[in-house]
């Protein structure tokens with residue numbers, strides 16, 4: 001019988017499980033490299049799919065991604081189970097009778113830590129909150145756990161986080177074992193059940209948690225380092241909890257600490273007073289904005305009044321460029337002037353590298369926006385629109401403001 005002629009545990013073919021138990025990624029997870037031979041190779045649209053005599057590469061499954069590494073220096077792109085075989089995807093077919101497999105150890109360690117922490121967090125969530133894990137996602141920056149409830153209090157989540165880190169410091173041993181019968185399985189209090197009755201791989205965290213799992217894990221909880229709750233969202237009517245685990249948790253702490261130190265220095269307060277000082281500044285800013293709005297409205301009313309007193313034609317018409325007029329003030333002036341329904345005007349004002357303009361034509365039946373657009377807007381490379389009698393917009397050539405106004409004067413034959 002071919003060495004890899006078997007089906008994996010998840011497919012329930014127990015006669016082949018004994019061989020799978022002897023694969024190096026299970027029997028010697030500490031190995032970083034081994035030598036083996038090629039059983040078969042076939043080319044697909046993805047690349048070369050290789051079946052090996054032995055492997056240190058964990059195939060994707062149980063929420064844990066496949067290992068990375070190389071075969072004779074050729075990068076392993078993916079490892080998966082397929083029809084009872086483990087297939088290694090490579091861009092090229094390796095040469096030679098003896099193949100050297102080299103594992104990306106940091107990548108493996110990261111996901112062992114994420115996976116073990118997920119077991120521990122799920123166990124504590126069940127213990128403290130009665131919340132069962134529905135699904136998990138193990139990521140590079142954070143991992144998520146979806147649970148069968150739509151609400152947990154901040155106090156509950158804090159208790160979970162504290163309990164998880166307490167168990168990390170306790171350095172609880174983590175181990176894998178195989179159960180070969182339903183009777184033997186009944187000896188364990190499983191956090192999550194299984195339909196299988198034989199050849200079941202269990203992961204046990206001392207007396208805290210036992211659950212069926214085919215993934216790879218750390219040898220103890222101390223290897224997890226630190227776990228930090230990082231937020232939540234709702235999906236399918238359930239909570240999905242976010243967690244920073246291991247090095248990503250430390251890195252997150254370092255970044256937050258550096259940011260807090262920077263804000264503390266900029267605000268000239270102690271780090272723990274930053275939030276209070278920011279609130280004070282926001283309140284001050286809010287009050288300044290309120291006062292500025294009042295002043296802006298008064299200024300807009302004053303300028304509008306002066307403009308309405310400088311009419312150049314009957315019916316009333318204003319053609320004017322307003323100096324030192326930022327966009328908020330310009331909008332206030334337009335609002336005030338257009339409220340005088342019989343008043344026609346074209347006004348403009350520079351704001352940075354733009355020329356804001358507004359056209360109000362309540363009584364010029366023979367003059368419309370299309371004529372204005374054709375003759376005047378092109379002079380300032382302008383754009384805009386609206387609904388009569390008021391149109392507004394801006395142009396990208398403020399230097400042409402005089403020509404813009406003169407073009408409108410010619411249009412209305414002043």
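The values are calculated or read from the model by the stated rules, or taken from the named source; none is laboratory data. Computed from a prediction, not measured in an experiment: that's the story for all the values here. Every residue, glycine among them, receives a Cβ derived from its backbone with ideal geometry; neighbour counts consider all protein chains shown.
If you take the residues of segment 332-348 that are in contact with a helix residue (DSSP H, G or I) (Cβ under 7 Å, 6 or more places away or on another chain) and outside any strand (DSSP E or B), which of them is nearest to residue 400 (Cα to Cα)?
Checked segment 332-348; the qualifying residue nearest to residue 400 (Cα to Cα) is 333.
Go through segment 94-124 and give me each residue that's in a helix (DSSP H, G or I) and loosely packed, with under 15 Cβ neighbours inside 10 Å. I'd like the intermediate steps shown before the answer.
Narrowing segment 94-124 to residues in a helix (DSSP H, G or I): 105-124.
The answer is 106, and nothing else.
On the given criteria, is residue 128 buried (at least 22 other Cβ atoms within 10 Å of the Cβ) and either touching a helix residue (DSSP H, G or I) at 6+ places or on another chain (Cβ under 6 Å) or under 19 Å from residue 228 (Cβ atoms) (or both)?
No; evaluated as a whole, the condition is false for this residue.
What residue, of 208, 239, 224, is more than 25 Å from residue 58 (Cβ to Cβ) and modelled with pLDDT of 95 or more?
On inspection, the qualifying residue turns out to be 239.
Take residues that are closer than 17 Å to residue 318 by Cβ and tell me which of the strands (runs of 3 or more DSSP E) falling wholly in segment 349-414 contain 1 or more. Spell out the reasoning first.
Details: elements: 354-360, 382-387, 390-395.
In segment 349-414, the matching strands (runs of 3 or more DSSP E) lie at 354-360, 390-395.
Does residue 31 count as surrounded by fewer than 17 Cβ atoms within 10 Å (Cβ to Cβ), touching a helix residue (DSSP H, G or I) at 6+ places or on another chain (Cβ under 6 Å) and either modelled with pLDDT of 95 or more or not in a loop (DSSP other than H, G, I, E, B) (or both)?
yes
Among the residues of segment 164-188, which ones are within 27 Å of residue 22 (Cα to Cα) and either part of a strand (DSSP E or B) or touching a strand residue (DSSP E or B) at 6+ places or on another chain (Cβ under 7 Å) (or both)? Give the steps one after another, and end with the answer.
Step one: filter segment 164-188 for residues within 27 Å of residue 22 (Cα to Cα), giving 172-188.
Correct list: 172, 173, 174, 175, 176, 177, 178, 179, 185, 188.
Filter segment 222-247 down to residues that are in a loop (DSSP other than H, G, I, E, B) and more than 14 Å from residue 135 (Cα to Cα), then give me how many there are.
The initial filter retains those residues of segment 222-247 that are in a loop (DSSP other than H, G, I, E, B), namely 225-226, 236-237, 246.
Going one step further and asking which of them are more than 14 Å from residue 135 (Cα to Cα), we end up with 225-226, 246.
Within segment 222-247, residues that are in a loop (DSSP other than H, G, I, E, B) and more than 14 Å from residue 135 (Cα to Cα) number 3.
Could you tell me which numbered condition residue 7 fails, if it satisfies all but one of (1) at pLDDT 90 or above; (2) crowded, with 16+ Cβ neighbours inside 10 Å?
Going through the list (1) at pLDDT 90 or above; (2) crowded, with 16+ Cβ neighbours inside 10 Å, residue 7 breaks only (1).
Kindly establish whether residue 214 is farther than 20 Å from residue 246 by Cβ and in contact with a helix residue (DSSP H, G or I) (Cβ under 8 Å, 6 or more places away or on another chain).
yes
Among the residues of segment 177-188, which ones are touching a helix residue (DSSP H, G or I) at 6+ places or on another chain (Cβ under 9 Å) and either surrounded by fewer than 17 Cβ atoms within 10 Å (Cβ to Cβ) or not assigned by TED's automatic domain parsing to the domain that holds residue 238 (or both)?
178, 180
Residue-by-condition table, conditions (1) assigned to a helix (DSSP H, G or I); (2) under 30 Å from residue 236 (Cα atoms); (3) outside the structural domain of residue 225 (by TED's automatic domain parsing); (4) touching a helix residue (DSSP H, G or I) at 6+ places or on another chain (Cβ under 9 Å):
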site	(1), (2), (3), (4)
146	no, yes, no, no
152	no, yes, no, yes
162	yes, yes, no, no
190	no, yes, no, no
194	no, yes, no, yes
202	no, yes, no, yes
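If you check 393, 382, which single one turns out to be surrounded by 14 or more Cβ atoms within 10 Å (Cβ to Cβ), in contact with a helix residue (DSSP H, G or I) (Cβ under 9 Å, 6 or more places away or on another chain) and within 22 Å of residue 339 (Cα to Cα)?
It is 393.
Exactly one condition in (1) outside any strand (DSSP E or B); (2) closer than 22 Å to residue 26 by Cα is false for residue 127; which is it?
Single failed check for residue 127: (2).
Here are some conditions: (1) loosely packed, with under 15 Cβ neighbours inside 10 Å; (2) without any contact (Cβ under 8 Å) to a residue 12 or more places away in the chain; (3) part of a helix (DSSP H, G or I). Residue 250 meets all but one. Which one does it not meet?
Here residue 250 clears every test but (2).
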